[in-house]
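Below is one structure; the comments refer to it alone.
The values are calculated or read from the model by the stated rules, or taken from the named source; none is laboratory data. What you see is a predicted model; the values in this text were computed from it and never measured. Cβ placement follows ideal geometry from the backbone for every residue including glycine, while neighbour counts extend to all protein chains displayed. Just the protein is used for accessible areas: all its heavy atoms, side chains included, with ligands, DNA and RNA removed. Shrake-Rupley method; radii C 1.70, N 1.55, O 1.52, S 1.80 Å.
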Amino acid sequence: MDLEKHAQPPQPAPTAGALRASDADRDRVADILREALAEGRLDAEEHAERVDGVYRAKTMSELEPLVRDLPAAADGAPRFAAPAAHPSYATARAEDEAAGPVAAENLVAVFSSSTRKGRWRIGRRTNAFALFGSVEIDLTEAYFEQRLSVINATSIFGNIEVRVPENLTLRGSGTNVFGNFEVDTLEAEHPEAPVVVVNGYSVFGNIEAKPKRGKRIADLHDRLRKRLDS
């Protein structure tokens, strides 16, 4: 056998810029952009354009130019505090990470409105962005196919409202600049109930996440029983 003929040349390792970007990478860059907006390094229009680029990016090389001129890119540390501890949060987060990357759903309202409600399947990550507009996310009739759902909300002269059933866990952390960020924390009675985490940043805008009175996940106990039996 002619080993020289059949030997395969070593494949070059992909460069850092060619690596596929994960949801965590996109969230980290979005955090840097929010910080730059708060510090006055970006105006509202520049921020909106770059955030749109963040959630369209597929590779690290597409993300890097969006923060190349910002000092926070050197450390890349997220600016949001971690959600407060909850008996079900750590387990839900571990399950979310084990499930691998997933495409985030983007709800964008620029001088307009965007609404997501009714019987719909909420993913593990949802990005909401309002610039002189409004976004409504109603989870009271939604299907929860995973334990942890994260909503990243950015409001600039806009309004974002999140409504959830009363029998799940609701956590949140955020920052506002001449705006409002309000999350009515919920602690589900059952440790296996879904967990919704809202991360927010508001500039002259409003972000609210609250339970809707009288609305509950009707089949929660049935779904939990099936989960335990499986």
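The table below gives the values:
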read-out: Extreme residue, surrounded by the most Cβ atoms within 10 Å (Cβ to Cβ), among residues of segment 191-222 that are touching a helix residue (DSSP H, G or I) at 6+ places or on another chain (Cβ under 9 Å) and modelled with pLDDT under 80; value: 217
read-out: Some residue of segment 148-158 being modelled with pLDDT of 85 or more and open to solvent by 30 Å² or more (accessible area, probe 1.4 Å); value: yes
read-out: Residues of segment 39-95 that turn out to be modelled with pLDDT under 75 and in a helix (DSSP H, G or I), as a count; value: 16
